[in-house]
Structures are given as structure tokens and as C-alpha cells.
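Structure first, commentary second.
The values are calculated or read from the model by the stated rules, or taken from the named source; none is laboratory data. This is a predicted model, so every value here is computed, not measured. Cβ: placed from backbone, ideal geometry, glycine included. Neighbour counts: every protein chain shown. The protein model used for the area step is the full one, side chains on, heavy atoms only, and it has no ligands, DNA or RNA in it. Shrake-Rupley method; radii C 1.70, N 1.55, O 1.52, S 1.80 Å.
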Amino acid sequence: MPDIIDSFAPLARHYDVLLCDVWGVVHNGVVAFAPACAALRRFRAGGGTVILITNAPRPGASVGRILDRLGVPREAYDAITSSGDVTRGVVEGRLRERVFHLGPPRDLPIFAGLEVNFAPLESADYVVCSGLFDDAVETPENYRGLLAAMRGRALFMVCANPDVVVERGDTLVYCAGALADAYAALGGEVLYCGKPYAPIYEAALGSAAAFRGGERPPLRRVLAIGDSVRTDLKGAAAFGVDCMFVISGIHAEEFGDREAPDLSSLDAIFAAAGVTPKAVARRLEW
């Protein structure tokens with residue numbers, strides 16, 4: 001396992017582009033992390049490009065407005081690519097079909113401006129899952145009957161957020177990925193639109209105009225930053241880019257103390273996943 005680094009600056013000079021996770025690295029769903037925002041601004045000031053890459057089940061523009069409210073400065077990033085953007089592209093290709101939306105009303109911007117034919121589960125042709133209806137009180141167990149009914153109709157599911165859980169303040173809440181995994185376990189067909197799957201990385205790096213100088217750098221000059229082994233670390237490894245793993249996010253309790261983590265636990269988790277990060281940091285800090 002690589003050593004735990006206290007400063008991002010020495011690592012930063014080896015990269016031209018950051019694919020930075022948002023929830024758990026830049027904010028915790030309640031407030032922005034000032035040191036992380038400052039580090040991203042410093043990277044950009046040195047000529048680097050920062051693309052926020054998030055499994056948020058809403059378009060990047062909507063994510064930007066949420067970041068504004070949380071206090072993440074626009075100067076901290078160049079662009080946002082979300083699993084909601086990838087999901088929206090899938091929906092655009094299926095406008096003739098009827099869709100059942102499994103998720104809260106706050107995720108409806110995924111469909112904004114599209115001529116979508118919504119339908120109840122009983123008559124839908126496929127399902128877009130963006131989360132639980134009420135993630136403050138529900139768990140995947142509440143959806144056992146609904147998922148069984150979907151499987152009974154052999155409905156195809158589009159998962160707009162492959163995250164299983166995220167931090168909301170000091171609490172972990174379930175995401176669409178938990179429902180998608182449960183549906184897949186029943187034998188249901190699922191398309192995951194975010195990390196760790198390739199489409200979101202391809203979308204993030206797809207436009208040369210997004211990069212300083214207008215040219216896409218080689219993958220060896222791209223660094224992913226994230227706090228999830230399942231999505232950030234494994235996704236980066238599968239796509240062929242390095243990853244800096246942040247231990248103060250969703251896995252923090254598995255490591256013991258956030259400031260003095262149990263290194264044997266870290267080793268075990270990375271070994272079980274079959275991936276090793278380029279670097280490990282307590283938090284993103286310049």
C-alpha cells in the first residue's frame with residue numbers, strides 16, 4: 001500500500017487533469033470542505049483542468065447549482081460530468097418507450113425538456129432508478145416487493161446513481177445503487193450510468209474543448225480522486241487512470257480513526273478489491 005500523504009501538491013505536478021469525486025471529497029452533503037476547494041483552485045491556477053465527476057442522479061448544471069448553495073466556488077472546477085448526464089442520454093434514445101421513475105421528485109431534472117412518457121410500473125417498458133423515494137427513512141428492504149414486481153415483468157433498469165451509500169452530514173443514506181444491486185441479485189437487467197463504469201469517464205474526457213490548451217492529455221496524466229473503493233478506485237483502475245484515495249469519506253469507520261487509520265484495514269480492503277491507489281490521503285488538501 002502507498003504511504004499516506006498529507007499534502008496533494010507534490011503529487012499534483014505529475015498530472016494535467018483531475019477527475020474529482022464530489023460528495024465525500026468536496027462536500028459532505030451539508031457543507032463544502034474548504035481545504036479541498038482550495039486545493040482544486042491551486043491546481044487550476046497552475047494550469048491544470050478539474051472535472052468534477054459525480055454519481056449524482058441529475059444533470060451537471062443542476063449539480064452546479066447545488067454546489068453553489070453548499071459553498072463550492074466555481075473557480076474550483078472547469079466542468080461537471082454526472083451520472084445524470086449519462087442517464088439522460090440513455091433516456092433520449094428511448095423516448096418512444098414508457099418509463100417508470102423510481103426515485104424522489106428532486107431528481108426529475110434528469111428528464112427536463114425531453115418528451116418522456118411516464119407510466120406506472122404496471123404498464124412501463126423500463127425503469128429509471130435515481131434513488132429511494134425517501135432516503136431519510138427507507139432502506140432497500142422497503143423495496144423488496146416493488147423489485148420483485150419489476151423482475152416479474154422482466155423490466156430493464158437504468159441506474160442513475162451507482163453509489164450504494166453516501167454521507168449526509170454524519171449519516172450514511174442509501175442510494176440508487178443499493179436498489180440496482182438488489183434488482184440485479186434477483187436476475188434483473190441493469191445498466192449502471194455512473195462510476196465505476198466506462199461511460200461516465202468517456203463523457204468526462206470526451207470533449208477536447210474542456211481542457212486547458214484544447215487538447216486531451218494522455219491517460220497517464222489524468223488522476224481520479226475519490227473516497228469509494230467500489231466506484232472511484234475500481235472505476236479509475238478499469239479505465240486506466242491513477243487514483244488518489246481519500247480515507248475520510250464513506251469508508252472512514254472501517255479504518256478506525258480518520259486521522260490515524262488502521263493501515264492493515266486499508267491493505268485488506270484494497271486487496272479484497274484487487275486494486276491499489278497511486279496515493280492515499282486523509283483528505284484532499286494542498
Pairs where the first residue, in region 274-286, is closer than 15 Å to residue 242 by Cα and the second is open to solvent by 50 Å² or more (accessible area, probe 1.4 Å), C-beta under 6 Å, 6+ apart
275/234; 275/237; 278/242
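Give the residue, chosen from 80, 66, that is closer than 18 Å to residue 104 by Cα, among the β-branched types (Val, Ile, Thr) and either in contact with a Pro (Cβ under 6 Å, 6 or more places away or on another chain) or without any contact (Cβ under 8 Å) to a residue 60 or more places away in the chain (or both).
Working: 80 fails: closer than 18 Å to residue 104 by Cα.
Of the residues listed, the single one that is closer than 18 Å to residue 104 by Cα, among the β-branched types (Val, Ile, Thr) and either in contact with a Pro (Cβ under 6 Å, 6 or more places away or on another chain) or without any contact (Cβ under 8 Å) to a residue 60 or more places away in the chain (or both) is 66.
Please enumerate the residues belonging to region 263-286 that are among the hydroxyl-bearing types (Ser, Thr, Tyr) and in contact with an Asp or Glu (Cβ under 7 Å, 6 or more places away or on another chain). Let's see the steps before the verdict.
First, the residues of region 263-286 that are among the hydroxyl-bearing types (Ser, Thr, Tyr): 264-265, 276.
Once the filter is applied, which keeps residues that are among the hydroxyl-bearing types (Ser, Thr, Tyr) and in contact with an Asp or Glu (Cβ under 7 Å, 6 or more places away or on another chain), region 263-286 yields only 265.
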Starting from residues that are out of contact with any helix residue (DSSP H, G or I) (no Cβ under 7 Å at 6 or more places or on another chain) and not charged (D, E, K, R), keep the ones in region 198-214 and report whichever is modelled with the lowest pLDDT.
209
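I'd like to know if region 181-189 contains one or more residues that are open to solvent by less than 50 Å² (accessible area, probe 1.4 Å) and at pLDDT below 95.
Keep residues of region 181-189 that are open to solvent by less than 50 Å² (accessible area, probe 1.4 Å), which gives 182-184, 187-188.
Within this subset, residues satisfying the condition of being at pLDDT below 95 are none.
No, because not a single residue in region 181-189 is open to solvent by less than 50 Å² (accessible area, probe 1.4 Å) and at pLDDT below 95.
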